[in-house]
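A short worksheet on the structure shown next.
Where a number appears in this text, it was derived from the coordinates with a stated rule and is not lab data. No experiment lies behind these values; they were computed from the predicted model shown. Cβ atoms come from the backbone with ideal geometry, glycine included; neighbour counts cover every protein chain shown.
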Amino acid sequence: MSASERVRLTAHVHGRVQGVGFRWWTRSRALELGLVGYAANLVDGRVLVVAEGDRDAVEALLDHLRSGQTPGFVDTVVERFDPPRGDLQGFVEK
């Protein structure tokens, strides 16, 4: 796989990640990396992160999510990579 290949990341972030600025922080990192997508609170306390862009930038976002430097506390990140759909614009908090 090429580093410039475009991919879609779907990541479920587990831990204390709601009510701590985690979605805003994720949006900031994603925009710095030139990604499109969203970060959304789920009813079970997780945050869903969906991001599309170049594989190297998407993997950098995933590294940020696992860095231990996030707001709150990330216990686990479960990710899936898929082909991009091209249906996202900007990066928003939901």
Estimated vicinal HN-Hα couplings, Hz - the stretch 53-60 in sequence order (Karplus 6.51, -1.76, 1.60; Gly, Pro = x): x, 4, 3, 5, 6, 5, 5, 5
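If you place +1 on the Cβ of every Lys and Arg and -1 on the Cβ of every Asp and Glu, how big does the dipole about the Cα centre of the chain come out, in debye to the nearest 20? Could you put the intermediate results ahead of the total?
Numbers: 12 positive and 13 negative charges, 54 e Å.
Using Cβ point charges on Lys, Arg, Asp and Glu, the chain gives about 260 debye.
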